[in-house]
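Following: one structure in structure tokens, then a few remarks.
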Amino acid sequence: MYPFIFKPLLKERIWGGNDIRLFKKLPPGNDKTGESWELSHVEGNYSIVANGALEGKSIDDLIETFGAALLGGKVFRQFGKRFPLLIKFIDAQDNLSIQVHPGDELAWKRHHSFGKTEMWYVIKAARGAALYSGFSRRIDADEYVRRVADNSFMDVLQRCEVAAGDVFFLPAGRVHAIGTGCFIAEIQQTSDITYRIYDYDRRDAQGNARELHVEEARDAIDYTVYPDCRTAYEPAENSPVQLVQCKYFTTSLLSADKTLKRDFATLDSFVIYILTEGNATIRDDSGNELTVCRGQTILIPAATQWVEIIPSPRVKLLETYIGD
């Protein structure tokens, strides 16, 4: 095996635009590209290898062939032949719906699916861009129902203006929405279960109102008020900075203008790199070498002992894996 890159799965959304194509240096299109699924094992949306001898194989094929050598022994024991993370870029040229995702127990009971805990890293943001994360004051399920009915639900949501580099951790159950002008990298559990609560009374291309899931969301919502919707961290050069650590993923930010060596000999997990700025060469302990650029996502197999990241001349990337 070797470091894999994948063909992006571009998703048209009514709130999308053309920034994803520009960011990834893809030909322009006439559609509203709202998401690029960079690495996916969602049924019907399997990522396809775009490089090397295994080009054309799906992530499902890789798991079937290599199993624990690709995923890591502990990951394989926990998740079996299911890749546990979904990686996306999101371009919000309009507000996304107010929504919530169920946790593991509820998602399994209702949908036979993983829940959906996720995180956002803001790559860029227009002046005044904002998002919603959690509540600004305590409400209960009855007040939630009343406020959705009278269109005042957004009055109790926590609005956060954003800038490039901001980080938001969104455990399952937290009501949230990305606002106009946000361009985001998203790391999440492998799940496509979303309960849409409010959608600004928008209509689709056929003039139909988008489906809402008000009742389903009621039991999925965490009504706790949290003091700060952002995740605080101290930036550093040429050294990993941990952003999020939870049972579903550990994510760090690497910003470098010097060669970094990352030792994975005892990790027992695949590693994903998401390039948010610049260019680099990634070299592994088997002598494989891959030149990558902004907008690409790389999967490092668990069998890899170490990699060197060689900036050209500098690079910024997110590193994520399944921790202990």
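Consider Ala53 carefully, then state whether it is under 26 Å from Ile184 (Cα atoms) and either surrounded by 21 or more Cβ atoms within 10 Å (Cβ to Cβ) or of a type in the set (Gly, Ala, Ser) (or both).
Numbers: under 26 Å from Ile184 (Cα atoms): no; either surrounded by 21 or more Cβ atoms within 10 Å (Cβ to Cβ) or of a type in the set (Gly, Ala, Ser) (or both): yes.
So Ala53 does not fit the description; no.
Please find, within region 20-44, the residue that is nearest to Leu290 (Cα to Cα) out of those that are open to solvent by 40 Å² or more (accessible area, probe 1.4 Å) and either among the aromatic types (Phe, Trp, Tyr) or touching a residue at least 60 places away in the same chain (Cβ under 8 Å) (or both). Selected residue: Lys25. Between Arg262, Arg210, the distinction of being open to solvent by 30 Å² or more (accessible area, probe 1.4 Å), closer than 25 Å to Ala92 by Cβ and not polar (S, T, N, Q) belongs to Arg210 only.
If the condition is being of a type in the set (A, V, I, L, M, F, W, C) and part of a loop (DSSP other than H, G, I, E, B), then region 178-201 contributes only Ile193. Scanning region 265-297 for residues that are touching a Leu at 6+ places or on another chain (Cβ under 7 Å), hydrophobic (A, V, I, L, M, F, W, C) and buried (at least 20 other Cβ atoms within 10 Å of the Cβ) yields Phe270, Ile272, Ile274, Leu275, Ile282, Val292. Residues of region 143-159 that are part of a strand (DSSP E or B) and either under 17 Å from the mean Cα position of the chain (by Cα) or surrounded by fewer than 19 Cβ atoms within 10 Å (Cβ to Cβ) (or both): Arg159 alone.
The criterion of at least 1 residues that are in contact with a Lys or Arg (Cβ under 8 Å, 6 or more places away or on another chain) is met, among strands (runs of 3 or more DSSP E) falling completely within region 209-306, by 250-256, 271-284, 289-293. When region 178-196 is filtered for residues that are modelled with pLDDT under 95 and of a type in the set (A, V, I, L, M), only Ile193 remains. Within region 46-65, residues that are at positive phi reach partners that are among the aliphatic types (A, V, I, L, M) and not in a helix (DSSP H, G or I) with beta carbons closer than 8 Å, at six or more positions or on different chains, in the pairs Gly56/Ile48; Gly56/Val49. Taken over region 62-87, the criterion of being touching a strand residue (DSSP E or B) at 6+ places or on another chain (Cβ under 8 Å) and open to solvent by 10 Å² or more (accessible area, probe 1.4 Å) is satisfied by Arg82 alone.
The values are calculated or read from the model by the stated rules, or taken from the named source; none is laboratory data. Since the model is a prediction, treat every value here as computed from it, not as a measurement. Cβ atoms come from the backbone with ideal geometry, glycine included; neighbour counts cover every protein chain shown. Quick note on the areas: whole protein, heavy atoms, side chains included, nothing else; ligands and nucleic acids left out. Shrake-Rupley method; radii C 1.70, N 1.55, O 1.52, S 1.80 Å.
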